[in-house]
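Colleague: Take this structure first; my questions come after.
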Amino acid sequence: MADDGTESGESFDADTTPTLGEQTYEDLKAMILMGELRPGERLAEAEMAQRLGVSRTPLRHALSRLAQEKLVTKRTQGGYVVVSFDSAAIRDLVGLREALDVHAARVAAEMASEEDLARLRECLAKLESVANKEEEIATEFHLGLHIHVIIAEATGNQALLDAVKQVYERLQLAIWLEVSWMDRWIDRFSEHRQIVEAICSRDPERSGEAARFHVQRSLQNMLRVLQMRERRAGAIPSKRNAR
């Protein structure tokens with residue numbers, strides 16, 4: 001049996017048919033993002049494998065991948081739990097994100113090469129191309145994060161780039177939830193556009209303020225989503241109680 005749950009030698013078109021491991025990962029991620037699996041909930045392998053209708057091999061691969069994405073955490077005593085955060089934790093992380101993003105935007109406005117600016121414009125154009133397309137939420141998420149990475153790269157400061165990547169990794173679930181639950185695409189795109197245009201205009205002050213506004217709006221959305229998610233989770237009976 002292959003690691004992804006398919007028979008060795010069995011061939012699929014990777015562009016059209018997901019492997020069992022990929023499907024398990026997508027299903028498990030959806031359960032986390034939609035609140036069916038609650039923050040801090042322990043993911044028992046036997047129960048989750050039965051719940052998803054898979055063996056433990058694709059489940060373990062899915063859990064390992066989700067751990068890399070900071071959606072679950074591996075316990076020291078074994079097994080995994082859904083990453084847990086509260087409004088205080090989000091405020092702390094977003095406060096750090098604001099300081100990093102504002103500084104990165106200001107420095108990028110002064111230090112970015114023409115190639116960096118071209119990459120920013122290209123990423124922004126891709127974001128615009130998926131505007132108002134519900135099926136493109138994942139693309140929006142990844143492109144939105146990528147813009148901030150490009151900005152940090154444009155500063156030429158490796159320590160700043162590493163810090164930006166780290167804080168965005170820790171905020172990934174909160175950002176996923178914000179993008180997935182909030183119907184605020186136009187505002188998000190407009191905010192990214194303002195940041196990119198300010199940087200391309202070589203205006204450090206305007207770049208920093210645009211970045212600050214974007215992060216502060218994101219914090220408001222995250223806190224609203226956290227409240228909605230908690231209400232939704234409270235309304236969903238656990239599978240154990242439903243049996």
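Bear in mind these aren't lab numbers, they're just calculated from the coordinates by the rules spelled out. All of these numbers come straight from a predicted model, not from anything done at the bench. Methodologically, a virtual Cβ is constructed for each residue, glycine included, from the backbone with ideal geometry; neighbour enumeration extends over all protein chains shown.
Colleague: Skipping prolines and chain starts, which residues have an amide H placed within reach, meaning under 5 Å, of the one on L43, given they are 5 or more residues away or on another chain?
Modeller: Placed amide hydrogens put Y80, V81, V82 under 5 Å from L43.
Colleague: Around R106, what is the net charge, scoring Lys/Arg as +1 and Asp/Glu as -1 over all other residues with Cβ under 14 Å from its Cβ?
Modeller: Working: positive: R202, R206, R212; negative: E98, D101, E110, D203, E205, E209.
Computed value for this residue: -3.
Colleague: Report the normalised scattering of region 28-173 as log10 I(q)/I(0) at q = 0.16, 0.17, 0.18 Å⁻¹, calculated by the Debye formula with identical scatterers on the alpha carbons.
Modeller: -0.98, -1.04, -1.10
Colleague: What per residue convex hull volume, in Å³, comes out for region 93-171 when only alpha-carbon positions are used? It would help to have the intermediate numbers written out before the result.
Modeller: On the way: hull volume 6.8 nm³, N = 79.
Residue-normalised Cα hull volume stands at 86 Å³.
Colleague: If you bin the C-alpha pair distances of region 61-126 every 10 Å from 0, what whole percents do you get?
Modeller: 17, 25, 28, 24, 6, 0
Colleague: If all Cα-Cα distances of region 174-230 are sorted into 5 Å bins from 0 onward, what percent lands in each bin, rounded to whole numbers?
Modeller: Per 5 Å bin, starting at 0, the Cα pair percentages come out as 4, 21, 26, 19, 14, 10, 5, 2, 0.
Colleague: In nanometres, what is the gap between the two model label sites at E135 and V149, each 7 Å from Cα along Cα-to-Cβ?
Modeller: 2.5 nm
Colleague: Now a separate question. Beyond 22 Å between alpha-carbons counts as too far, so tell me which of K29/K70; K70/K165; K29/K74; K70/K133 fall in that bin. Can you show the working numbers first?
Modeller: Working: K29/K70 11 Å; K70/K165 12 Å; K29/K74 15 Å; K70/K133 26 Å.
Where the Cα-Cα span goes over 22 Å, the pairs concerned are K70/K133.
Colleague: While we're looking at this one, here's another question. Write down, largest first, the equivalent ellipsoid semi-axes of region 18-67 in whole Å, where each equals the square root of 5 times an eigenvalue of the alpha-carbon gyration tensor. Intermediate results must be reported in sequence, preceding the final value.
Modeller: Numbers: eigenvalues 50, 29, 19 Å².
Over the Cα atoms of region 18-67, the ellipsoid semi-axes are 16, 12, 10 Å.
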